[in-house]
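Let me begin by presenting the structure, written as structure tokens, before commenting on it.
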Amino acid sequence: MKYIRRHSSNPILSARDIPYDASLIFNAGVAKWQGEYVMLFRNDYGQTEESWRKTQASGQWPHLATNIGIARSRDGVHWTAGPKPVFQMRDDEIQRVYDPRLTIVEGRPVLCFAMDTKHGLRGGIATTDDFERFEVQSLSVPDNRNMALFPERVGGCFVRLERPMPVYSHGGGEHFDIWLSESPDLRFWGESRLVMGAERVPYATGKIGPAAPPVKTPRGWLATFHAVRYADQDLHSWEGNWRKEYCAGLMLLDLDDPSKVIGLSREPLLVAEEPYETNGFRGSVIFPGGMILEDSGEVKIYYGAADTVECLATAHIDDLLAFCEK
Ligand code: BMA
């Protein structure tokens, strides 16, 4: 898409910017709050590419642990990471939380996150007033994740996009779709309905999932999503055997009933092309988690690249709307 520009400072945040143990900084949520930009990012730590390959070569399975860190910025481009991670959950049952998305709703920061547990993948929602203490409001049953909360109530209810992983859908395999649920209080979720099946996306041969929290425009809710297509050969990865290419797509949802898709980009918005997108822990991954509409009409799209670094691309709102209304 020619109207979207990668920022010349990319990657805008990576492990070298973090003042504590950090290896992979990616899949961040971003919002404007109290006069600054706030980013919550995923930090997988405990390995370098070299140590990973060494451990693998010795026949053992290397391990990365995960926490969530914070960074702040005045301009949305230059970021300063906080002195320590701000959110982590781990116990006998919970293995980690990751992939934060951040929405300011009714003046309050709300974090959506994914959680790996011994009994499945759950989607969580937490509130905070200071980015130091987080109160978990709800955790879904497995398997569901990629939750993205709308920035205001619709029809009186909070609304989230989400991506359950039903093993029997589409005849089996990793073909998952985008769904939506509503809640009166962020705790109890229901009225669930399908938003978009993966088969509607011309550039997905596998699953799709919600990306950044949607942005309100007079024409509808503008929302990014990620789409997976399977490559014929191994893509670059520390892991080995990585064949899933993640790109970003764009859709427009009805203002009053956001389960209705009223626009969809026929082509991807962003495909991995730059070295920092094609090379890393898992190459060829573009995974947006934050989108900010500025008063000027500029839209900032934040995305994790190659499961390794955090990046920024910008576009004008009118071009994005035209792109998904065609
Ligand atoms: C998904 C999630 C994301 C990750 C992506 C690509 O299934 O695990 O956190 O960015 O795969 O590896």
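By count of other Cβ within 10 Å, fewest leading, how are 252, 264 ordered? Write down the numbers at each step before the final one.
Numbers: 252 24, 264 18.
Ranked by crowding around the Cβ, least crowded first: 264, 252.
Arranged by the count of other C-beta atoms within 10 angstrom, fewest first, what order do 261, 30, 159 take? Mind dumping the intermediate values first?
Details: 261 18, 30 29, 159 24.
Placing the least packed residue first, the sequence is 261, 159, 30.
Normalising by the residue count of region 188-228, find the relative contact order in percent from Cα pairs under 8 Å and 6+ residues apart. Can you show the working numbers first?
On the way: 44 pairs, mean separation 14.3, N = 41.
The normalised contact order for region 188-228 reaches 35 percent.
Within a Cβ distance under 13 Å of residue 98, other residues only, what is the Lys/Arg minus Asp/Glu net charge?
Values: positive: 42, 90, 96, 101, 122, 145; negative: 44, 99, 116, 307.
Here the charged neighbours net out to +2.
Taking the Cβ-Cβ separation of residue 2 and residue 64 as r and a Förster radius of 41 Å, what is the calculated FRET efficiency to the nearest 0.05?
On the way: r = 36 Å, r/R0 = 0.89.
For residue 2 and residue 64, the calculated efficiency is 0.65.
Which entries of 32/300; 2/32; 207/300; 216/300; 32/207; 32/216 show an alpha-carbon separation above 19 angstrom in the structure shown?
Working: 32/300 11 Å; 2/32 27 Å; 207/300 25 Å; 216/300 14 Å; 32/207 30 Å; 32/216 15 Å.
2/32; 207/300; 32/207, as the Cα separations exceed 19 Å there.
Using a Gaussian network for the chain with springs between C-alpha atoms less than 10 Å apart, which of these wobbles most: 61, 52, 221?
Per the Cα network of the chain with a 10 Å cutoff, 61 tops the list.
Testing the spin-label approximation: label points 7 Å from Cα along Cα→Cβ at residue 266 and residue 205. State their distance in nm.
In this crude label model, residue 266 to residue 205 measures out at 2.1 nm.
In a solvent-free Debye calculation with one equal scatterer on each Cα, what is log10 I(q)/I(0) for region 6-325 at q = 0.08, 0.10 Å⁻¹, listed in the order of the q values?
Taken in order of the listed q values, log10 I(q)/I(0) reads -0.32, -0.51.
Taking other Cβ within 10 Å of each residue's Cβ, how do 207, 216, 118, 244 sort, fewest first?
The fewest-first ordering by Cβ neighbours comes to 118, 216, 244, 207.
How much length is gained on full extension from residue 319 to residue 157, taking 0.36 nm per residue of separation minus their Cα-Cα distance?
Working: separation 162, 0.36 × 162 = 58.32 nm, distance 3.00 nm.
Gain on extension, residue 319 to residue 157, equals 55.3 nm.
Could you give me D for region 146-255, from Stokes-Einstein at 25 °C and 0.890 mPa s, where the hydrodynamic radius is the Kirkwood radius over C-alpha pairs? Units µm² s⁻¹, please. Intermediate values should be presented prior to the final figure.
Details: Rh = 15.0 Å.
Answer from the Stokes-Einstein relation: 163 µm²/s.
I'd like to know how region 177-219 sits against the 2.2 N^0.38 Å rule of thumb: what's its Cα Rg over that expected value?
Dividing the Cα radius of gyration by 2.2 N^0.38 Å gives 1.41.
Just so you know, all these numbers are worked out from the coordinates, no wet-lab data involved. In this text, all values refer to a predicted model and were calculated from it rather than measured experimentally. Note: ideal-geometry Cβ built from the backbone for every residue, glycine included; neighbour counts use all protein chains shown.
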